[in-house]
Amino acid sequence: MKVNKRSIAAFGAIAAVSALTLVGCASGGDADSGEENESAGEITVWVDADRAGVLEDAAKDFTEDTGVAVNLVQKEFGEIRDQFVQQVPTGEGPDVAVGAHDWLGTLVTNGVVAPVELGDASGDFEQVAIDAWSYDGQVYGVPYAIENIGLLRNTDLVPEAPTSYDDMIAKGQAAGTEYAFLVGLDPEAADPYHLYPFQTSFGAPVFGSNPDGSYNAGDLQIGNAGGQAFAQWLASQGAAGTGVLNTNISGDLARENFVAGKSPFFLTGPWNVPAAEEAGLNLAVDPIPSAGGQAAQPFAGVQGFFLSSESENKLAATEFLVNYIGSEEVQTALYEVGGRTPALTSAYEAAVAADPITAGFGTVGTDAVPMPSIPEMGSVWQYWGVTEGAIINGSGGDPVELWNKMSSDIQGAIQ
Amino acid sequence: MATPTIDRDAAVETPPSKKSRRAARIAEAAGAGWKLLIFKVVALGLIDALALYAALVLFQSEQWVAAIAVLVVTGVANWVYFSRGNLPAKYLIPGLIFLLIFQIFVAGYTAYIAFTNYGTGHNGSKESAINSLMLSAQERVPDSPAYELTIVEQLGEYSFLVTNPDGDVELGGVDRPLEPVDNAEMDGGKAVALPGYNTLNFSQIVANQEAIAAIAVPISEDPNDGSLRTPDGSVAYVYLSSLEYDEAADTMTDTRTGTVYSDVGTGAFTSPDGEELMPGWQITVGFDNFVRAFTEESIRAPFFSVLTWTFVFAFLSVFTCFAMGLFLAIVFNDPRMKSKKYYRLIMILPYAFPGFLSALVWAGMMNQEFGYINVVLFNGADIPWLTNEWLAKFSILLVNLWLGFPYMFLICTGALQSIPDDVQEAAKVDGASAWQIFKSIKLPLLFVAVAPLLIASFAYNFNNFSLIYMLTGGGPRDVTADVNVGATDILITMVYKVAFVGSTADYGLASAFSIIIFLLVGTISVIAFRRTKALEELN
């Protein structure tokens with residue numbers, strides 16, 4: 001008896017689980033309820049945990065004003081892009097999701113996003129934010145935050161902002177700390193993102209630009225004369241030169257050392273500010289000093305909300321995007337939870353006036369260029385970092401040759 | 001061996017023992033099964049209710065195949081458990097269902113994907129690709145004004161009542177270009193109603209938003225002037241489409257350049273000179289992915305060195321872990337060893353940490369300049385653990401040994417304890433040395449038990465993605481080589497790099513590769529299992 005009972009109970013559990021699994025695979029339940037509620041009006045929004053609280057308030061206002069319910073679904077930020085790409089074609093995707101602008105290449109190529117007409121509101125946003133969310137001449141999202149790196153300075157060690165890279169190193173050495181300057185790198189792949197401002201200061205962007213400011217994938221600029229000069233400079237700052245750039249200092253080690261007061265300068269983003277503030281450091285954010293004479297332009301990452309191409313609620317969703325997420329109230333609230341500079345100009349100005357650190361990053365951000373979102377960028381990353389790493393470590397031979405090799409490899413991969 | 005005998009004798013001498021009472025109960029239950037029957041009915045009823053609900057939900061969302069599968073499986077289960085006989089099926093059904101869902105379905109689906117071009121740019125159906133192209137092609141005419149909009153309805157047909165920035169009021173609809181109206185009801189400079197028409201409020205707009213979003217009102221008789229569309233129901237803008245879809249000819253025409261893109265069977269609209277409009281759609285491509293897997297330059301060039309290292313890595317991983325595990329198992333199995341309980345507990349620890357976490361910690365410890373190993377153990381030496389080609393391979397094996405020996409230790413301990421002592425005693429009496437006992441008796445008996453596990457371990461390490469990815473990322477890479485493949489890349493990490501570089505994903509190619517790897521591992525496992533049959537004959 002015992003034996004039989006147990007096997008049947010086990011089977012029951014298994015069958016129940018498998019039935020549920022099948023239902024889960026099809027995830028038909030959600031779609032169904034969505035369709036039922038459609039007449040009453042409901043939009044589904046995918047949002048990460050940090051942003052969810054703010055959006056709850058915005059959604060409440062939206063529902064009160066329009067009668068359209070907002071179904072907020074929490075997702076891990078890093079998983080949204082791929083899940084969105086996979087689920088939108090099946091009709092199970094959301095109407096609106098949060099994301100980063102450099103996903104646009106993937107999203108547009110997969111045909112899962114629809115343009116958002118900001119109308120006259122587009123002038124209310126910072127230009128770099130609108131540029132970042134533009135693709136092939138169309139704006140695909142409502143931006144809410146701009147993020148870029150800047151030079152964090154420990155004002156107790158160095159009271160004045162440096163005027164150039166050499167000046168920074170001189171000031172850093174004069175401060176007598178263990179390191180003159182810190183930036184987190186990877187032993188193998190260096191960090192093209194953090195080193196990009198130095199590269200652009202030599203006049204070597206990755207891609208050339210179209211007249212409308214978008215990137216032109218056909219015009220690879222990374223291997224130009226400026227790029228070669230940058231390669232030589234990298235080698236001179238690497239293991240065989242001054243040793244300022246050290247690929248063994250990872251991002252974590254760099255933060256640790258800066259927080260411990262072992263260096264007056266740290267090239268990083270707003271995400272490392274809380275750790276330094278908690279340690280009681282007095283901080284300033286300076287413009288990134290130029291190494292090659294021209295302006296040092298970091299990459300800007302712009303986060304925003306975008307609209308599904310398969311959405312059956314485009315009007316309501318657009319209304320929510322433009323007039324609620326694009327409102328100063330929501331943008332400011334999002335800034336307060338995330339600490340990233342707001343994309344809406346009025347919210348940006350209020351944030352800058354209130355906090356010198358945000359103002360510092362914001363000032364650096366005026367020089368920033370959007371990280372290219374074109375799919376060709378994927379081919380760039382895979383060669384870019386390792387070449388920089390090899391040049392810094394002095395392990396691959398002549399830096400200019402390596403740089404040219406990288407440029408032709410990227411060119412080959414893009415075509 | 002003496003204790004069990006006594007137990008057995010006791011069982012025979014005292015009739016109402018636990019075992020016999022349980023046997024009696026089972027016999028009784030088998031005879032008068034009304035309790036069992038009720039239980040059966042209730043349990044199956046619950047399952048049927050659940051399955052029916054699942055099927056209904058699936059039918060409603062038009063997932064026909066899944067719905068029918070649920071019904072068929074439930075039907076079969078009911079038949080099996082209610083019929084007399086079918087005893088083997090009663091035991092096998094739960095396992096078979098699991099096999100179906102977790103093995104056969106997954107493998108079949110992977111095989112299906114391997115024959116499609118599913119990936120970035122070929123993500124959905126042709127219909128949604130056209131929809132998306134048309135959406136993106138709608139471009140607002142630069143510097144065109146925004147029109148204040150009121151949506152009005154007459155006899156079920158929607159019209160746009162717009163107020164242009166100069167304050168002129170016009171009315172238009174689908175195929176009805178804008179025409180001035182003069183009797184509109186105004187509110188603050190915006191026309192809000194028109195006699196004879198019903199004005200839609202926001203909730204009515206939302207309720208009909210699909211229809212309204214699709215409305216394009218021509219500005220004038222000339223289609224090149226563009227048409228008004230509304231993104232939110234309250235403002236209209238002038239749009240011109242840069243693409244035109246000809247449904248009859250199945251072609252896309254670029255209205256600015258006049259280029260005609262047609263469906264040439266490659267899963268995207270393609271111009272005569274080969275330029276593709278993205279997004280495309282998913283199609284089946286036959287064996288294309290398998291051909292690419294062997295011909296693509298970025299794969300072909302490093303393929304053999306990567307394949308060799310994969311075999312070396314998988315073999316050495318199993319060998320080192322097994323040797324270490326066996327050695328420790330023998331040591332801790334020795335009766336002279338004291339407090340082995342505690343040692344054994346410590347031995348299990350590496351196994352208890354999540355592997356990817358350990359790999360990350362090891363990566364930190366192996367940092368050339370600041371890592372624990374160089375700084376403390378080697379007193380500040382400058383050993384490039386992860387950045388030298390050969391040392392990186394060694395480091396991978398070392399970390400995998402640390403991660404993998406506890407498992408081998410566990411199974412060897414178990415297998416050793418199951419070898420009867422009398423066999424060894426007999427050998428000792430016959431004058432065999434300790435080494436001879438180990439080599440000729442313990443090891444062959446051990447292999448019978450652990451050989452299948454060794455094969456499984458080989459298959460696992462053949463695809464040990466997380467360790468390689470977390471520890472070295474496949475590196476160090478030779479920057480002078482053209483391809484994005486490093487010294488420690490195994491097949492699966494190379495495939496990952498090829499199929500998912502940057503922001504593009506090629507699921508078709510990745511699936512084709514996983515099938516190739518599956519065939520490789522499958523073949524090796526079959527051969528190895530054949531061999532182990534010979535071992536079993538020893539017994």
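The values are calculated or read from the model by the stated rules, or taken from the named source; none is laboratory data. What you see is a predicted model; the values in this text were computed from it and never measured. Don't worry about glycine lacking a Cβ; one is built from the backbone with ideal geometry, like all the others, and counts go over all protein chains shown. Note: areas computed on protein heavy atoms with side chains; ligands, DNA, RNA excluded. Shrake-Rupley method; radii C 1.70, N 1.55, O 1.52, S 1.80 Å.
Just a few scattered comments:
- A single member of B:ILE527, B:ILE516 is open to solvent by less than 50 Å² (accessible area, probe 1.4 Å) and either aromatic (Phe, Trp, Tyr) or away from chain A (no Cβ under 13 Å) (or both), and it is B:ILE516.
- Residue match in the range A:73-91 (condition: under 25 Å from B:ARG229 (Cα atoms), in a strand (DSSP E or B) and either touching a Gly at 6+ places or on another chain (Cβ under 6 Å) or among the small types (Gly, Ala, Ser) (or both)): no
- Residue pairs whose Cβ atoms lie under 6 Å apart, sitting 6 or more positions apart in sequence or on different chains, and linking a residue in the range A:390-415 that is closer than 25 Å to B:PRO384 by Cα to a partner that is assigned to a helix (DSSP H, G or I) and hydroxyl-bearing (Ser, Thr, Tyr), are A:LEU402/A:THR387; A:MET406/A:TYR383; A:MET406/A:THR387.
- Which numbered condition B:MET408 fails, given (1) surrounded by fewer than 11 Cβ atoms within 10 Å (Cβ to Cβ); (2) in contact with a Cys (Cβ under 6 Å, 6 or more places away or on another chain): (1)
- Residues that are modelled with pLDDT under 90, under 19 Å from the mean Cα position of the chain (by Cα) and of a type outside the set (Gly, Ala, Ser) do occur in the range A:173-195.
- Residue that is farthest from the chain's Cα centre (by Cα), among those in the range B:262-290 that are closer than 17 Å to B:ASP250 by Cβ and in a strand (DSSP E or B): B:SER262
- Scan the range A:88-112 for residues that are more than 8 Å from chain B (Cβ to nearest Cβ) and either open to solvent by less than 20 Å² (accessible area, probe 1.4 Å) or in contact with a strand residue (DSSP E or B) (Cβ under 9 Å, 6 or more places away or on another chain) (or both) and the total you get is 11.
- Among the candidates B:PRO165, B:PRO195, B:PRO180, B:PRO142, residue that is free of Cβ contacts under 8 Å to residues at least 40 places away in the same chain, within 14 Å of another protein chain (Cβ to nearest Cβ) and more than 48 Å from the chain's Cα centre (by Cα): B:PRO165
- Restricted to the range A:118-230, the set of helices (runs of 4 or more DSSP H) holding at least 2 residues that are more than 17 Å from A:ALA368 (Cα to Cα) comprises A:165-174.
- Taken over the range B:484-499, the criterion of being more than 9 Å from chain A (Cβ to nearest Cβ) and closer than 17 Å to A:GLN382 by Cα is satisfied by B:VAL485, B:ALA487, B:THR488, B:ASP489, B:THR493, B:MET494, B:VAL495, B:TYR496, B:VAL498, B:ALA499.
- Qualifying position, being more than 28 Å from the chain's Cα centre (by Cα), more than 19 Å from A:GLN86 (Cβ to Cβ) and hydrophobic (A, V, I, L, M, F, W, C), among B:VAL80, B:VAL72: B:VAL80
- Looking only at residues in the range B:380-404 that are of a type in the set (D, E, K, R) and in contact with a helix residue (DSSP H, G or I) (Cβ under 9 Å, 6 or more places away or on another chain), the one that is surrounded by the fewest Cβ atoms within 10 Å (Cβ to Cβ) is B:ASP382.
- Meets criteria (closer than 30 Å to B:GLY508 by Cβ and within 10 Å of chain A (Cβ to nearest Cβ)) for B:ASN201: no
- Set B:TRP309, B:TRP281: member being at pLDDT 85 or above, open to solvent by less than 30 Å² (accessible area, probe 1.4 Å) and touching a His at 6+ places or on another chain (Cβ under 7 Å): B:TRP281
- Near pairs, Cβ below 7 angstrom, 6+ apart or cross-chain, from the range B:123-135 (at the interface with another protein chain (Cβ under 7 Å from one of its Cβ atoms)) to any residue that is of a type outside the set (S, T, N, Q) and in a helix (DSSP H, G or I): B:ASN123/A:VAL85; B:ASN123/A:PRO89; B:GLY124/A:PRO89; B:SER125/A:PRO89; B:SER128/A:PRO89
- Residue identified as modelled with pLDDT of 90 or more, touching a helix residue (DSSP H, G or I) at 6+ places or on another chain (Cβ under 7 Å), under 21 Å from B:PRO94 (Cβ atoms) and within 8 Å of chain A (Cβ to nearest Cβ) among B:ALA55, B:ALA51, B:ALA29, B:ALA66: B:ALA51
- Total residues in the range B:223-261 satisfying the condition of being among the acidic types (Asp, Glu), part of a loop (DSSP other than H, G, I, E, B) and either open to solvent by 70 Å² or more (accessible area, probe 1.4 Å) or touching a residue at least 40 places away in the same chain (Cβ under 8 Å) (or both): the figure is 1.
- Residues in the range B:160-188 that are open to solvent by 50 Å² or more (accessible area, probe 1.4 Å), touching an Asp or Glu at 6+ places or on another chain (Cβ under 9 Å), in a loop (DSSP other than H, G, I, E, B) and more than 30 Å from B:THR253 (Cα to Cα): B:PRO165 alone.
- Any hit, the range B:298-314, residues being basic (Lys, Arg) and more than 20 Å from B:ALA510 (Cβ to Cβ): no
- One residue from B:ALA505, B:ALA481 being part of a loop (DSSP other than H, G, I, E, B), touching a strand residue (DSSP E or B) at 6+ places or on another chain (Cβ under 6 Å), in contact (Cβ under 8 Å) with a residue 12 or more places away in the chain and within 14 Å of chain A (Cβ to nearest Cβ): B:ALA505
- Matching residues in the range A:215-249 - criterion: being closer than 26 Å to A:PRO270 by Cβ and open to solvent by 40 Å² or more (accessible area, probe 1.4 Å): A:TYR215
- Helices (runs of 4 or more DSSP H) lying entirely in the range B:47-159 (those with 2 or more residues that are open to solvent by less than 40 Å² (accessible area, probe 1.4 Å) and under 30 Å from A:PRO115 (Cβ atoms)): B:126-137
- Residue pairs meeting the criteria (Cβ under 9 Å; at least 6 apart or on separate chains; first closer than 15 Å to B:SER514 by Cα, in the range B:90-109; second among the small types (Gly, Ala, Ser)): B:TYR109/B:SER511
- Residues in the range A:149-181 that are in contact with a Pro (Cβ under 9 Å, 6 or more places away or on another chain), surrounded by 23 or more Cβ atoms within 10 Å (Cβ to Cβ) and either free of Cβ contacts under 8 Å to residues at least 12 places away in the same chain or among the hydrophobic types (A, V, I, L, M, F, W, C) (or both): A:ILE149, A:LEU151, A:MET168, A:PHE181.
- So B:THR116, is it within 30 Å of B:ALA512 (Cα to Cα), in contact with a strand residue (DSSP E or B) (Cβ under 6 Å, 6 or more places away or on another chain) and more than 9 Å from chain A (Cβ to nearest Cβ): yes
- Test: residue in the range A:373-382 that is out of contact with any Asp or Glu (no Cβ under 8 Å at 6 or more places or on another chain), more than 8 Å from chain B (Cβ to nearest Cβ) and at pLDDT 90 or above: no
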